[in-house]
1. Please give the net charge around A:ASN10, taking every other residue with its beta carbon less than 12 angstrom from that of A:ASN10, where Lys and Arg add +1 and Asp and Glu add -1.
2. So for C:GLU64, B:GLU127, fewest C-beta neighbours within 10 Å to most, what's the order?
3. Take chain A, connect every pair of alpha-carbon atoms lying under 10 Å apart with a spring to form a Gaussian network, then pick out the residue of A:LEU23, A:LEU86, A:LEU245 with the largest mean-square fluctuation.
4. Rounded, prolate or oblate: pick one for the protein assembly as shown, where a ≥ b ≥ c are the square roots of the eigenvalues of its C-alpha gyration tensor, a/c under 1.5 means rounded, and failing that, prolate if a/b is larger than b/c, else oblate.
5. Can you pull the mean other chain C-beta count within 10 Å for peptide C:261-270?
6. Per-residue HN-Hα couplings for segment A:53-60, Karplus 6.51 cos²θ - 1.76 cosθ + 1.60 at θ = phi - 60°, whole Hz, x for Gly and Pro?
7. Specify which residue in the list A:PRO216, A:ALA194, A:PRO118 is farthest towards the positive end of the charge dipole of chain A, using unit charges on the beta carbon of Lys, Arg (+1) and Asp, Glu (-1), about the Cα centre.
8. So, in Å, what gap is there between the alpha-carbon centers of segment B:87-108 and segment C:40-116?
Amino acid sequence: MVIIESTELNHLLEGLISRGYLLVGPTVRSGAIVYDEIRSAEDLPRGVGDEQLPARYSLRRRDDAMFFGYGVGPVSWKKFLYPPRLTMFRATKAGKGFTITPGETEPRPRTAFVGVRPCELNGIIMQDKVFLGGPYVDGAYKKARDNAFIVAVNCTESGANCFCASMGTGPGVTKGFDIALTEVLQGKRHYFTAEAGTSLGKEVLGALSTREATDPEAKAGLDAVARAGTSQVKRMDVRDLPQLLNDNFENPRWDDVAKRCLACTNCTMVCPTCFCSTVEDSTDLTGTHAERTRKWDSCFTMDFTKVAGGNIRPSTRARYRQWLTHKLSNWMNQFGTLGCVGCGRCITWCPSGIDLTAEVDAIRGNGVHA
Amino acid sequence: MQTENLTDILRQHPFLAGLSEDHMQVLVGCASNVRFAEGAPLIHEGEIANKFYLVRAGRIALETDVNARGKIRIQTVGPGDVLGWSWLISPFRWHFNALAVADVRAVALDGECLRKKCEDDHDFGYEMLSRFSRVMERRLEATRVQLLDLYTTSPGARV
Amino acid sequence: MTHETMNAPAAPREGVRLHPVTVKKVIWETDDTFTLQIDLGALGNTFNFLPGQFNMLYVFGLGEAAISISSDASQTGTLAHTIHRVGTVTSGLAQVKRGDVIGLRGPFGAGWPITAARGKDVCIVAGGIGLAPLRPVMYAMLRERTAFERIILLYGARSPLDILYRVELEEWAKEHNVEVLVTVDRGDSSWKGYIGVVTTLFSYIKLDARATVGYVCGPETMMKYTIDEMGRRGLAEDQIYLSMERNMKCAVGFCGHCQYGPEFICKDGPVFALPRIRHLLDRKEL
């Protein structure tokens with residue numbers, strides 16, 4: 001483990017730029033922390049914190065100069081790996097037939113993700129299983145994933161909607177990063193402990209003027225991360241969770257949550273693991289050029305389960321149940337883990353403030369237990 | 001000889017599976033062997049229902065007259081099936097027409113004769129009623145599914 | 001369980017490319033159902049499928065629909081799809097003429113486990129367009145007729161005019177010793193066959209329940225009643241297979257649309273052994 005002084009953080013970013021990486025990281029836009037292209041440490045939300053509650057999000061000025069002193073915002077990294085819109089192919093009429101050309105012809109830039117939180121890194125690992133782990137591979141995802149360099153940042157504070165400790169996905173990273181940082185600010189002493197997770201990460205760190213962390217320096221970082229975990233107030237009770245939801249397909253709580261759920265799709269859009277998509281086929285006015293676009297979709301939309309015989313899930317009750325049961329039960333059958341990382345985004349960005357941990361507690365309280 | 005033969009035939013019919021020997025003897029007194037050639041009518045809508053049939057072979061179509069639309073075929077019954085229960089329920093009138101659409105062999109059971117035996121021997125009556133309830137329940141279920149018109153698609157269909 | 005799958009290639013592959021293919025022939029089976037015969041062209045050399053698998057068919061600019069393959073898997077270079085005209089894409093496909101080009105991706109999904117039925121009786125129950133994905137099963141079994149004991153086909157259609165593959169149904173019965181029973185929901189006086197739901201046909205066949213494999217395809221409600229009837233007649237659940245339908249978009253398990261509880265119909269199905277999905281069948285709005 002090495003030390004990067006806070007004043008030298010920019011050297012790390014410059015090092016990545018000089019290696020040809022496009023940097024994306026946290027920055028303030030329209031009153032929120034979003035992930036977007038950044039050019040230097042200047043673009044980071046230094047001294048900015050946030051307040052999150054169910055259906056509430058606001059930024060605040062911190063009384064310190066932390067670079068990463070905020071919780072996760074509305075944007076997750078999935079938009080860079082699994083873009084909200086993607087042209088799948090273009091087709092052009094030729095005689096009675098047509099020719100097909102791939103949608104993406106521009107090479108994707110190598111991209112460094114700066115400031116990936118542990119919960120989010122676990123979200124990426126979960127989407128890897130979806131798009132890369134089965135018999136078929138999503139080519140666009142694979143390209144973007146292969147081109148991504150991950151600078152993770154451990155959490156030293158937990159927001160009111162965070163429950164990564166329950167899900168085992170934070171507040172510290174354990175795998176999947178190229179470099180992992182922990183930001184430590186004690187009085188005037190402000191530094192990062194840095195650890196490489198890959199040989200490439202080691203190479204990037206090695207090119208900086210760093211030194212080995214002393215035991216107290218390392219311990220200060222580890223303690224801060226541990227405190228973020230123990231101070232977390234929100235919890236998800238995960239005991240036998242897949243079985244619990246499977247056994248409670250019929251439960252009055254689904255009616256209750258359906259009264260509050262607007263089926264607005266916000267939770268699925270902000271969720272770092274939600275992966276559903278739809279395709280849109282279109283032609284130009286002449287009818288000679290067609291293209292297919294893939295777009296993020298949500299199991300909360302009315303069209304999602306349309307079949308020849310009608311609609312499978314017309315009620316909001318059934319759609320909320322599908323979403324929650326997929327995340328916390330069926331995901332286990334499909335991919336071997338739960339599909340929730342405890343980032344709390346769906347709670348923050350739900351206009352009704354529906355809190356999935358409370359829904360699970362309610363079902364556990366009144367439900368069927370095997 | 002004739003009676004013995006009829007008993008054997010009755011015993012083979014699924015509707016009477018497991019019927020006691022005593023009850024079989026009661027029943028056979030009301031039974032007769034019948035045949036209908038293709039096209040022959042078995043039942044006329046509105047007429048007194050004084051029989052039911054245990055079908056052994058062939059096929060019978062049930063029809064009803066819908067004024068402007070003519071005769072609508074609702075259902076067929078075939079080997080192993082029972083045709084008719086109006087003999088059992090007042091006012092004992094048929095609610096549909098039935099005709100053979102393939103040569104039919106069946107055992108006809110006289111309704112009046114049976115009703116009397118059901119009155120005289122309530123155990124026998126219970127046996128008959130419970131067997132008919134089962135048939136009606138299955139027929140009702142099948143009719144419900146038929147009503148669903150499952151092979152058409154709703155206008156909401158998309159792809 | 002010998003559940004036939006070709007959906008698990010040794011090496012991961014990309015979401016399968018769209019291939020332009022030429023329509024050789026359009027056969028109108030009924031008023032609203034038609035069969036497209038397709039010339040696979042160069043794709044024919046490598047294209048193999050299992051009975052029960054489906055393709056995604058693309059109409060230029062209009063979109064894709066998941067359609068079961070309804071032709072003989074032993075034929076090379078050509079394919080048939082029988083399509084019920086119900087929505088935008090299938091209406092687009094209905095306008096396709098001989099010589100036109102459509103797009104094709106596939107084949108996808110798990111097929112019918114035909115090897116599981118060798119040496120046994122087979123009871124096939126089809127409802128409506130559900131006969132289409134079972135036709136390749138008939139072809140496969142008839143090619144080795146002696147490898148199977150009785151073959152029973154119970155088929156329910158809406159009306160006599162909606163019966164698919166009439167000529168073949170007669171041929172299977174007359175020339176291949178298949179017990180074919182057809183029933184319709186609505187008949188008229190010219191129809192001398194059975195009238196009533198497909199499950200009523202079970203009264204007219206005698207099943208040797210311990211030596212029979214059941215394949216069922218049709219609307220979900222029809223399949224539920226059918227498996228209940230099969231159960232009543234003593235068929236073991238692990239001898240019953242059914243083909244499920246959901247809104248399939250990507251066909252490779254990415255888009256999430258066809259989820260059925262823990263299953264993806266597109267890649268885990270569409271054909272399932274009954275025990276695997278038995279607990280899901282009675283769940284409303286799943």
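1. On the way: positive: A:ARG39, A:ARG46; negative: A:GLU5, A:GLU8, A:GLU14, A:GLU42, A:ASP43.
In short, -3.
2. Values: C:GLU64 24, B:GLU127 19.
By the 10 Å Cβ count, ascending, the order reads B:GLU127, C:GLU64.
3. Maximum among the listed residues: A:LEU86.
4. Details: a/c = 3.03, a/b = 2.07, b/c = 1.46.
Judged from the Cα gyration tensor, the protein assembly as shown comes out prolate (a/c at least 1.5, a/b above b/c).
5. Working: counts 9, 10, 3, 3, 0, 1, 3, 2, 0, 0.
Per-residue shielding by partner chains comes out at 3.
6. Values per residue, Gly and Pro as x: 9, x, 6, 10, 8, 8, 8, 9 Hz.
7. A:PRO118
8. 48 Å
Every number here is computed from the coordinates shown, using simple stated rules; none is lab data. The shown structure was predicted, so the numbers you read here are calculated from the model rather than taken from an experiment. Every residue, glycine among them, receives a Cβ derived from its backbone with ideal geometry; neighbour counts consider all protein chains shown.
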